[in-house]
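The values are calculated or read from the model by the stated rules, or taken from the named source; none is laboratory data. From a predicted model like this one, the values you see are computed outputs, not experimental measurements. For neighbour counting, all protein chains shown are included, and Cβ atoms are generated from backbone atoms with ideal geometry for every residue, glycine included.
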Amino acid sequence: MIILTITLESQLHSPMYLFLCVLSITELFYISSTVPRMLRDFLHVDKTISFAGCAAQLYFFSFLGAVECFILAFMAYDRYVAICHPLHYMTIMTKAKCTQFSIASWLGGMTLPMTNIVLVFQLPYCDSNIVDHFFCDILPVMKLACARSFGLEMSIAVYSFLVLPFPFLLIIVSYIRILIAVFQIHSAAGRSKRAKALSLLYLVFVPMLNPLIYSMRNVEVKKAMKRVFKRLVHTQN
């Protein structure tokens with residue numbers, strides 16, 4: 001519904017909502033990479049998965065997780081520019097730059113896990129073939145190997161740094177700058193803006209339902225969803 005609303009409503013074709021649309025698509029694929037197989041395993045006695053299937057699941061899980069982290073970092077930067085540099089926002093965060101950030105997130109997400117996947121499935125596996133996890137993740141798969149690989153461990157360390165601490169640091173820096181700018185506002189109108197900005201910060205740091213958090217609390221998106229719903233009902237009638 002979020003993706004449909006942003007796509008159909010031209011008023012929402014701004015960098016903030018384009019990032020939200022990309023995040024929603026990423027979340028949809030991210031869940032699809034593990035949940036359907038997990039549900040199938042819960043309902044069947046046979047829980048086996050092929051070697052290629054395990055490699056594919058591990059790759060897409062790592063790839064989409066990385067994309068999500070990068071998109072969240074770019075969304076934090078977008079909010080920093082919107083709040084701290086409002087007069088220059090439209091010139092800094094153009095649709096072209098938003099598209100470039102989104103493409104960079106997907107390309108980075110696709111590229112980074114490749115080395116890990118290739119190296120982990122080149123390890124010798126000579127004992128148990130039972131993955132002690134609900135799906136194929138890299139550490140449970142590594143535990144089945146008969147040997148260790150320094151190259152794989154270094155590759156995982158680099159991947160983990162680029163996907164977790166690095167985007168997290170960008171998010172923290174962006175919101176620290178936002179907080180500094182917000183608390184420097186002294187007028188009554190400014191205090192109102194401060195309250196709104198703080199509420200936005202609260203929403204950002206609740207990561208469980210990222211697309212819903214970024215949209216359902218937004219009046220513009222609610223109104224747009226109502227318009228889209230009425231349009232669909234009118235078309236069916």
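Can you say whether residue 84 is more than 26 Å from residue 159 (Cα to Cα), surrounded by 14 or more Cβ atoms within 10 Å (Cβ to Cβ) and within 24 Å of the chain's Cα centre (by Cα), as far as the supplied structure shows? In short, yes.
The number of residues in the range 107-117 that are modelled with pLDDT under 90 and loosely packed, with under 14 Cβ neighbours inside 10 Å comes to 0.
For the range 88-97, the criterion of being in contact (Cβ under 8 Å) with a residue 24 or more places away in the chain, surrounded by 21 or more Cβ atoms within 10 Å (Cβ to Cβ) and not polar (S, T, N, Q) is satisfied by at least one residue. Looking across the range 24-36, the residues that are out of contact with any Leu (no Cβ under 7 Å at 6 or more places or on another chain) and modelled with pLDDT of 80 or more come down to 24, 25, 27, 28, 31, 32, 34, 35. Consider the range 38-72 and keep the residues that are without any contact (Cβ under 8 Å) to a residue 24 or more places away in the chain and among the hydrophobic types (A, V, I, L, M, F, W, C). The one that is surrounded by the fewest Cβ atoms within 10 Å (Cβ to Cβ) is 45. Listed by first and then second residue, the pairs linking a residue in the range 107-122 that is farther than 11 Å from residue 138 by Cα to a residue that is in a helix (DSSP H, G or I) and aliphatic (A, V, I, L, M), with Cβ atoms under 6 Å apart and 6 or more places separating them unless they lie on different chains, are 109/66; 109/67; 112/66. Quick check: is even one residue across the range 84-106 farther than 30 Å from residue 17 by Cα and either modelled with pLDDT of 85 or more or of a type in the set (Asp, Glu) (or both)? No, that holds for no residue.
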